[in-house]
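Have a look at the structure below before the remarks.
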Amino acid sequence: PNQMRVLRPTAGNGTCGLGSDYSFLVRRGRLDKVVIEFGAGYACYDDASCDKAAAEQSFTDMKLLDDMSLDCRYWNRFIQGSVSEGLIDRTEKNNPVSDYTYIYAGYCTQDVHIGHQTTTYEAAGGYEGVVFNHLGEWNARIVLDYLKRELSPKEVLVTGCSAGAIAAGVYGSELSTYYASRSPETTVKVLGDGFMALLTRDFMESALPNWGLGEAICGTVLDLGFLAGAEWLADTDYGYYLWKGVKDQLALNGNGKLALVSSVDDSVQKNVVMEFAGSDNADYYRNEAGLRILSRASPEVADSAFIYSGKTHCTNSLSTIMDDNLMDASEFKEAAKFIQAFFDDGSAPDNPYVCPTCNSEDQTGCDGELGSGLLTDNCGNCPGLGDAGCEAPLPEWVSTCPGFS
């Protein structure tokens, strides 16, 4: 019942990381309701990380970056296995999208689906150099074009786990704008699970350009940031402003809602924060990664949010909170309420759910408040929400973006 059709629109063009062809999956259901899920996985962004990714070829659940070109039998074994939980599993009895048409956008470019160029990396870390296709945006737009060409939905859910969550925010906001002008009755809901986007200024300045300055980065990502707060690039909490921008864009278009989901001590998010922060910035270690954004997931940054206890990181969208074997019984009941409220009419609960045991002294912000999620900025200040608190120039690459002024 979970088998899906494999579409390989880029045959011969080699838009996966190491040059194989990209493919995505479609399972037909209701034509008026559609899910697009962007696949999860790691990212590489400099000589050391991309050389290692190419050498080990283990940065996707399929083990090899080039497995995207394999046949239907492999894909269906994949779907029955590592991504069979959560929303994609139509056999799950409480699945609110079991009868929707489901599009799964695979991930093989190590750029959170927003890269726009092929980059040559020098040898580093004991690995050989590599030419890497960061062409995630190209692949994502193939999937979006399929949706626009083949389907005329009245409801679209754009979702993803981890790297896929960032893509869901970026392309979900784009789809919201697209349908607002062409089909105003179409709603667009965005659901980010294990949402990541916990990035430092150093990453924004030096690593992000390695993915290429296409429309996803120069257009949507910058637009969302400036929509949320014009000084966003001077603050360390880029993820906060990115998600606030998504929420604001959906509200501006009047056709969508944003929900965010995470465990409070998500081990993967925490490791990403530590990797990007570096040993000289202890403040990035202060807060549990799951609280950095979601403790502030009031109506200011998301319409709805669910923070559950533990360290679990999703494998695909809602793979954890829909599994009663992975959740505390009481939290599983709360998760069911959260899911029902979001999918029934897109409304948000009165308050975001935060697990009862999550507010502890070791999760105070730099302001001394429990669960505030506030971190010191690049100048060592503790900014208030919406305030940069520390003046810093825009990264140089911003001025090279097409149409930037």
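Which FRET efficiency value, to the nearest 0.05, is calculated for ARG182 and ALA124 with the Förster distance at 51 angstrom and r the Cβ-Cβ distance?
Efficiency at R0 = 51 Å is approximately 0.65.
Estimated at the nearest 10 Å², the accessible area of ARG30 is 90 Å² with a 1.4 Å probe. The 3J(HN,Hα) values that the Karplus relation (6.51, -1.76, 1.60; θ = phi - 60°) gives for the range 316-325 are, in residue order, 7, 4, 6, 5, 8, 6, 9, 10, 5, 7 Hz. Gly and Pro appear as x. For the range 109-209, taking Cα atoms only, Rg and Dmax work out to 16.3, 55 Å respectively.
When LYS333, LYS52, LYS247 are compared by accessible area of protein heavy atoms, the largest-first order is LYS333, LYS52, LYS247, using a 1.4 Å probe. Loop-located GluC sites (Glu not before Pro) in the range 105-156 (DSSP state not H, G, I, E or B) with no more than 14 neighbouring Cβ atoms inside 10 Å: GLU122, GLU128.
Counting only protein heavy atoms and a 1.4 Å probe, the range 146-228 has 28 square angstrom of accessible area per residue.
From the cross-link list LYS148/LYS257; LYS148/LYS337; LYS154/LYS333; LYS154/LYS337, which pairs have alpha carbons spaced over 22 Å apart?
On the way: LYS148/LYS257 20 Å; LYS148/LYS337 32 Å; LYS154/LYS333 29 Å; LYS154/LYS337 24 Å.
Violating the 22 Å limit, Cα to Cα: LYS148/LYS337; LYS154/LYS333; LYS154/LYS337.
For LYS189, the residues whose modelled amide H falls within less than 5 Å of its own, excluding neighbours fewer than 5 places apart on the same chain, are VAL156, LEU157, VAL158, LYS257. Counting heavy atoms of the protein chains alone, LYS337 has an accessible area of about 120 Å² for a 1.4 Å probe.
Spin-label pair ASP99-GLU300: with each label point 7 Å from Cα along the Cα-Cβ axis, the two points sit 4.1 nm from one another.
The values are calculated or read from the model by the stated rules, or taken from the named source; none is laboratory data. Since the model is a prediction, treat every value here as computed from it, not as a measurement. Cβ atoms come from the backbone with ideal geometry, glycine included; neighbour counts cover every protein chain shown. For the accessible areas, the whole protein counts, side chains as well, though only heavy atoms, and no ligand, DNA or RNA atoms are used. Shrake-Rupley method; radii C 1.70, N 1.55, O 1.52, S 1.80 Å.
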